[in-house]
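Written out below as structure tokens is the structure these notes cover.
The values are calculated or read from the model by the stated rules, or taken from the named source; none is laboratory data. Keep in mind that this is a model prediction, so the values were computed, not measured. Neighbour counts are summed over all protein chains in view; Cβ atoms, including those assigned to glycine, are modelled from backbone coordinates with ideal geometry. Accessible surface areas use protein heavy atoms only, side chains included; no ligands, DNA or RNA. Shrake-Rupley method; radii C 1.70, N 1.55, O 1.52, S 1.80 Å.
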Amino acid sequence: MRKGEQITGAAREKLAREMKEQYEGGRSIRAIAEAYGRSYGFVHRVLTETDVSLRGRGGEQPQRRLGTAAHSGR
């Protein structure tokens, strides 16, 4: 498949299944996009078409403690 080539029908369904499997296996949208030579937006759209539950952005976030800004000593 060439970059920018429109993908429809059975080829799109097959691609969507592959991308869904990879995403559910832990790969990021960016990694999938790079592997297939497609844009982030294309992969995101294909995944949402397959009713994938998308993960939140970023990795683990440090826990914010309540009140730390108010007690910073400034």
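Values for this structure:
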item: Selection count, segment 37-74, where residues are of a type outside the set (G, A, S) and at pLDDT below 60; result: 5
item: Close pairs from segment 17-36: first within 12 Å of V52 (Cβ to Cβ) and at pLDDT 95 or above, partner in a loop (DSSP other than H, G, I, E, B) and open to solvent by less than 30 Å² (accessible area, probe 1.4 Å), Cβ under 7 Å, at least 6 apart; result: K20/V52; Y23/V52; E24/V52
